[in-house]
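Reading through the structure tokens given below for one structure.
The values are calculated or read from the model by the stated rules, or taken from the named source; none is laboratory data. This one's a predicted model, so the numbers in the text were calculated from it and none came from an experiment. When we count neighbours, we look across all protein chains shown, and the Cβ atoms used for this are built from the backbone with ideal geometry, even at glycine.
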Amino acid sequence: MEVLVEKVMTPKEKLIMVTQMATIREVLTKMREHSVRSVIVEKSTINGAYGLLTFKNILQAIVAEDGDIDLLNAYDIMAAPAISVSRKLGVKYASRMMVNSSIKRLLIIDDNELQGILTMSDIIGVLMDSVENH
């Protein structure tokens, strides 16, 4: 039986969200408080796109702006629309997509509403469980 993304993903309720207008200083503070390396940027309209902000995006922007994190907002540097899949997709297809696209995170979106996030760590956890249970 195929393992679906919804069984492995981190649900929306556990994700750290920021608004598009949050300053990078605010984003970094939230990331440190919650010990996460990425945050979801809320969509601005019902038909809008969710964004993803990672340490890598932020570091690249800080270098480009000579370190002034108060001049940048989440909107300025987020990856949007973030790459996403449905929660009903098989994990093997999601992991193949991540490997082929060289990404570590996929947003899980159905009907343009965020359901959760799937990370490489989530997938590795499933693989480790299956190895230990055999």
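Any chance you could count how many residues in region 72-102 are out of contact with any strand residue (DSSP E or B) (no Cβ under 9 Å at 6 or more places or on another chain) and not hydroxyl-bearing (Ser, Thr, Tyr)? Reasoning before the result, please.
Going residue by residue through region 72-102, those that are out of contact with any strand residue (DSSP E or B) (no Cβ under 9 Å at 6 or more places or on another chain) are 76, 92, 96, 99-102.
Those left that are additionally not hydroxyl-bearing (Ser, Thr, Tyr): 76, 92, 96, 99-100.
Number satisfying all stated conditions: 5.
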request  = May I ask you to say which residue of LEU89, LEU59, LEU71, LEU118 is within 22 Å of LYS30 (Cα to Cα) and at pLDDT 95 or above?
outcome  = LEU118
key: ARG96 being free of Cβ contacts under 8 Å to residues at least 24 places away in the same chain and of a type in the set (Lys, Arg)   = yes
ask   = Within region 2-50, which residues are assigned to a loop (DSSP other than H, G, I, E, B) and either among the hydroxyl-bearing types (Ser, Thr, Tyr) or on the phi > 0 side of the Ramachandran plot (or both)?
value = THR19, SER35, SER44, THR45, TYR50
request  = Of all residues in region 31-71, count the ones that are farther than 22 Å from THR10 by Cα, charged (D, E, K, R) and touching a strand residue (DSSP E or B) at 6+ places or on another chain (Cβ under 8 Å).
outcome  = 1
remark   = LEU4: passes all of (1) out of contact with any Ser or Thr (no Cβ under 8 Å at 6 or more places or on another chain); (2) more than 30 Å from ASP129 (Cβ to Cβ) but (2)
message = Can you confirm whether THR45 is surrounded by 14 or more Cβ atoms within 10 Å (Cβ to Cβ) and either among the hydroxyl-bearing types (Ser, Thr, Tyr) or over 17 Å from SER121 (Cα atoms) (or both)?
response = no
ask   = Going by the structure shown, is ILE58 on the phi < 0 side of the Ramachandran plot, surrounded by 19 or more Cβ atoms within 10 Å (Cβ to Cβ) and more than 15 Å from the chain's Cα centre (by Cα)?
value = no
message = Being under 11 Å from the mean Cα position of the chain (by Cα), modelled with pLDDT under 95, among the hydrophobic types (A, V, I, L, M, F, W, C) and over 16 Å from VAL3 (Cβ atoms) is the requirement here; does ALA64 meet it?
response = no
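Considering only residues that are in contact with a Lys or Arg (Cβ under 8 Å, 6 or more places away or on another chain) and outside any helix (DSSP H, G or I), look in region 52-81 and name the one that is farthest from LYS104 (Cα to Cα). Break it down into steps so the answer makes sense when it comes.
First, the residues of region 52-81 that are in contact with a Lys or Arg (Cβ under 8 Å, 6 or more places away or on another chain): 52, 54-55, 69-70.
Now narrow it down to the ones that are outside any helix (DSSP H, G or I): 52, 54, 69-70.
On the way: LEU52: 11, THR54: 10, ILE69: 24, ASP70: 27 Å.
Within region 52-81, the match that is farthest from LYS104 (Cα to Cα) is ASP70.
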ask   = Is it true that LEU53 is touching a residue at least 24 places away in the same chain (Cβ under 8 Å) and under 30 Å from SER130 (Cα atoms)?
value = no
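For ILE124, state whether it is hydrophobic (A, V, I, L, M, F, W, C) and free of Cβ contacts under 8 Å to residues at least 60 places away in the same chain. It would help to see each step written out before you state the result.
On the way: hydrophobic (A, V, I, L, M, F, W, C): yes; free of Cβ contacts under 8 Å to residues at least 60 places away in the same chain: yes.
Taking the combined requirement at face value, the residue satisfies it.
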query = When you scan region 26-50, how many residues do you find that are farther than 14 Å from MET78 by Cα and either touching a residue at least 60 places away in the same chain (Cβ under 8 Å) or basic (Lys, Arg) (or both)?
reply = 4
